[in-house]
1. Within region 393-404, identify whether any single residue is farther than 23 Å from residue 451 by Cα and outside any loop (DSSP other than H, G, I, E, B), and answer yes or no.
2. Within region 338-383, work out how many residues are within 35 Å of the chain's Cα centre (by Cα), open to solvent by 10 Å² or more (accessible area, probe 1.4 Å) and more than 22 Å from residue 431 (Cβ to Cβ).
3. Here are the criteria: (1) farther than 26 Å from residue 533 by Cα; (2) at pLDDT below 85. Tell me which single one residue 451 does not satisfy.
4. Within region 82-93, restricting attention to residues that are open to solvent by less than 30 Å² (accessible area, probe 1.4 Å) and at pLDDT 65 or above, which residue is nearest to residue 143 (Cα to Cα)?
5. For region 134-176, name all the residues that are open to solvent by less than 20 Å² (accessible area, probe 1.4 Å) and of a type in the set (Val, Ile, Thr).
6. For region 272-281, name all the residues that are open to solvent by 10 Å² or more (accessible area, probe 1.4 Å) and not charged (D, E, K, R).
7. Taking the residues in region 305-322 that are part of a loop (DSSP other than H, G, I, E, B) and open to solvent by 20 Å² or more (accessible area, probe 1.4 Å) as candidates, determine which candidate is nearest to residue 229 (Cα to Cα).
Amino acid sequence: MAPSGRKGEKEATGSSVGRGRLAELRPGSQTGRGSDQCGKGWPRMVAPRGLGLLLLLLLLLPASGEKTSTRATEAPRNVCGGPGVVHDFQKVDLHSAATCFTKCQLGSNACDLEKLHRYWLNYESFLVENSSEKTVNMSFVKTLVQDFSTDISEELHFSLIPDEVPKQIKKEDKPSDRVRLPGSLLKSLRDKGSVDRLAITVLDIGPGNIFKGPQGSLEGGGRVLNNRLVGLSVGRTQITGLSEPLEITFSHRRQPRNMTLHCVFWDVTKGPTGGDWASEGCLTELRGEETVCRCNHLTFFALLLSPVLDEATVQALKRISQAGCGTSMVFLAFTVVLYLVLRFYRQRFKSDDAPKIHVSLSVSLFLLNLLFFVNVESHGQASEAACWVRGAVFHYFLLCTFTWMGLEAFHLYLLVIRVFNTYFRHYFLRTSLLGWGLPALMVISTGSANSYGRYTIRNAKDQITLELCWIRNKAALYITVHGYFLLTFLFSAVVLGLVAWKIFTLPSATAGKEHRQHWKGVLTVLGLSSLLGVTWGLACLTPLGLSTVYIFAILNSLQGVFIFCWFSVLYFPSQRAVPSSSGTARADQSHTMSHD
């Protein structure tokens, strides 16, 4: 082929201790006297968070992993990285080159991607120029090689059914995957002879980084659908500028609303590793469970699955997140100042552990938002070493935030669910060691694998829409971010659900006040949600469409505001709120707190 162009214990029923604490946790009760105005905003302000854009991008667009390439068993040298089988196309050589489909991951220095791209492009040319085989039927490549007369003017139709060798079909046949070659293509070849040779190849490129390029890699935000390429070549002729385009029909499942498919071809003139995907000269027609690609040239084609976050959307979400993060930082600073003032003027406030945990979460969230600003405004100016450090520090405070939200949930469990036998020596010291120490261990292990670096997101035109210093190793990202967040979020959600059940099943102390008790319960659950970071779970709804993406970004960028509002309701100006909500998790204080 001539190449052309280019994600414990249970509280006794009716315990006055549990009911007393639940009542005291509710904003608008005596514990929150004087702070109703702040509490009234809860139904509209559901606990957002300062890093919505970044988490969204991380959930929809995961970074790629690293694997070490090994030698193919059939070749004495490193086929994926060395000269190997550049011009040999026997079956044993094809198998050796195909092992690189899984070995060559993004970031692997053991693979020569440019040479491997050239190998498979040359294989297409070999089929139409030198091969005597009519079909190739291997697990990773299936090819039909056919001679045809240039004197005919009818269009040609071929099936591309997965797991089958391509074959010529009649016009009225409509297999799920197929290709149509226009008659004008055949007519344009008449001057070069009466007979020519056509090769149609279906290539399974596997999960590695071959034929992925900046756009098709996970780091670039997209992936080749089903890792499947279709190659078309005719003799020694480079076919471009067809007056009537060829058609390739790909069948597939319906895609999420936040993802889009577009037809692309491999352009050898782009990218640092011998090519990248491009779309010039190709039109995409989406038909629900199939997509038709119409292109005016012959080469390798594929469907690229990409997020709908184009440059304009990314920039809009970036501005929303920055505005929300900035506002949250101001209110988080107010939270810390308010804590220091109360600690200075109220002696009993010094022994309470709950406000200390709230402030620890506020500090970690403040620093996370600050680093978010630094990260998105760096514009790639940091050196590789500085970017490594910046990514590690950002990762650390993200994990600290997750951990302190989990510890908020654990503390709430001791306060409301378990209640008895909850005395722990040096409780806050142990909590702090876990809240600040566990993330450090995770960052050290991630850094030892050299997983931090520059993380770029590109649009369909191969332009950088966002650049961050972040995790490039896919396994490290899934384990230390996605997996860790999922564990803490599920634990927090379960605890919040149990607390909500206790709140709404707690009998009203005074008859005729059910409606007011219900209203207080709703505000309590919403307030606790801000501490437990429940709105992080809104990321799971982003596949429903772009509107949910904006809702997530807006709500999640204001968590600091709601933490301050909840802190004020609990601790200022009423002194009764301090002991009632401290939840020090000590049995010797439980009885006292329930009667204060």
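1. Going residue by residue through region 393-404, those that are farther than 23 Å from residue 451 by Cα are 404.
Among the residues that remain, those that are also outside any loop (DSSP other than H, G, I, E, B) are: 404.
The answer is yes, given that some residue of region 393-404 is farther than 23 Å from residue 451 by Cα and outside any loop (DSSP other than H, G, I, E, B).
2. Qualifying residue count for the region: 11.
3. Checking residue 451 against (1) farther than 26 Å from residue 533 by Cα; (2) at pLDDT below 85, the one that fails is (2).
4. Ranking the qualifying residues of region 82-93, first place goes to 89.
5. 136, 141, 143, 145, 150
6. Pass one, region 272-281, residues open to solvent by 10 Å² or more (accessible area, probe 1.4 Å): 272-274, 279-281.
Hits for region 272-281 are 272, 273, 274, 279, 281.
7. 308
Table: residues versus (1) of a type in the set (A, V, I, L, M, F, W, C); (2) open to solvent by 50 Å² or more (accessible area, probe 1.4 Å); (3) within 21 Å of residue 123 (Cβ to Cβ).
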residue	(1), (2), (3)
222	no, no, no
264	yes, no, yes
267	no, no, yes
270	no, yes, yes
283	yes, yes, no
286	yes, yes, no
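The values are calculated or read from the model by the stated rules, or taken from the named source; none is laboratory data. Just so it is clear, the structure is predicted and the values come from calculations on it, not from any experiment. Using ideal geometry, Cβ is built from the backbone for each residue, glycine included, and neighbour counts are taken over all protein chains shown. Side chains are part of the model used for accessible areas, which takes the heavy atoms of the whole protein and leaves out ligands, DNA and RNA. Shrake-Rupley method; radii C 1.70, N 1.55, O 1.52, S 1.80 Å.
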